[in-house]
Amino acid sequence: QVQLVESGGGLVQPGGSLRLSCAGSGSIFSTYAMGWYRQAPGKQREWVAGITSGRIADYSDSVKGRFTISRDNAKNTVYLQMNSLKPEDTAVYYCYVGPLYRTPSYWGQGTQVTVSS
């Protein structure tokens, strides 16, 4: 059974930073990709960032240069460091794990990120 639990969301002012964490349980993490999607109110879920088991990372154009994804395979954990946050980054952020970095097989429950003054 694979479970993912996110943490680290919250309210932050524009220009601020947050760090999301996603801890997983199960046996697939060492060989699977991990990453993050987000969903803003009234919008479709969009891919944000992914990282392979070999730590090759990729980002959507909307967050490139501001967000950094990393992973700790020993802890089955993926992180998303978000800097220079903008109001348009407000969304529920979902972590995932899957065989390819844009192919989710399992999802976390989501964590709310709100960027507002």
> Rolling a 1.4 angstrom probe over the protein heavy atoms, how many square angstrom per residue are accessible across the range 7-117?
Replying inline: 49
>> If the reach is capped at under 19 angstrom between alpha carbons, list the lysines near Lys43, excluding any in the same chain fewer than eight residues apart.
In response: Lys86
> Hey, any idea what % of the chain's accessible area is carbon plus sulfur with a 1.4 Å probe?
Replying inline: 48
> By what distance, in whole Å, do the Cα atoms of the chain stretch along each of the three principal axes, largest value first?
Replying inline: 42, 25, 24
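Using only the Cα atoms of the range 5-66, build the gyration tensor, take square roots of its eigenvalues as a ≥ b ≥ c, and label the shape rounded, prolate or oblate: rounded if a/c is under 1.5, else prolate if a/b is larger than b/c, else oblate.
In terms of gyration-tensor shape, prolate.
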> For Val63, which sequence-distant residues (separation of 5 or more, or a different chain) have an amide H within less than 5 Å of its own amide H, given hydrogens modelled in the peptide plane?
Replying inline: none
> So how strong a dipole does the chain carry about its Cα centre when Lys and Arg Cβ are +1 and Asp and Glu Cβ are -1, to the nearest 20 debye?
Replying inline: 80
> So what's the gap between the Cα centers of the range 1-30 and the range 41-117, to the nearest angstrom?
Replying inline: 8
>> As a test of reading the structure, rank Val92, Val115, Val5 by solvent-accessible area (1.4 Å probe, protein chains only), most first.
In response: Val5, Val92, Val115
> Looking only at Ala74, Ala40, Ala91, which one moves most when the chain is put into a Gaussian network model with springs between Cα atoms under 10 Å?
Replying inline: Ala74
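The values are calculated or read from the model by the stated rules, or taken from the named source; none is laboratory data. Here the structure is a predicted model, which is why all the values come from computation and not from measurement. Positions of Cβ are backbone-derived with ideal geometry, glycine not excepted, and every protein chain shown enters the neighbour counts. Surface accessibility is based on the protein's heavy atoms, side chains included, excluding ligands, DNA and RNA. Shrake-Rupley method; radii C 1.70, N 1.55, O 1.52, S 1.80 Å.
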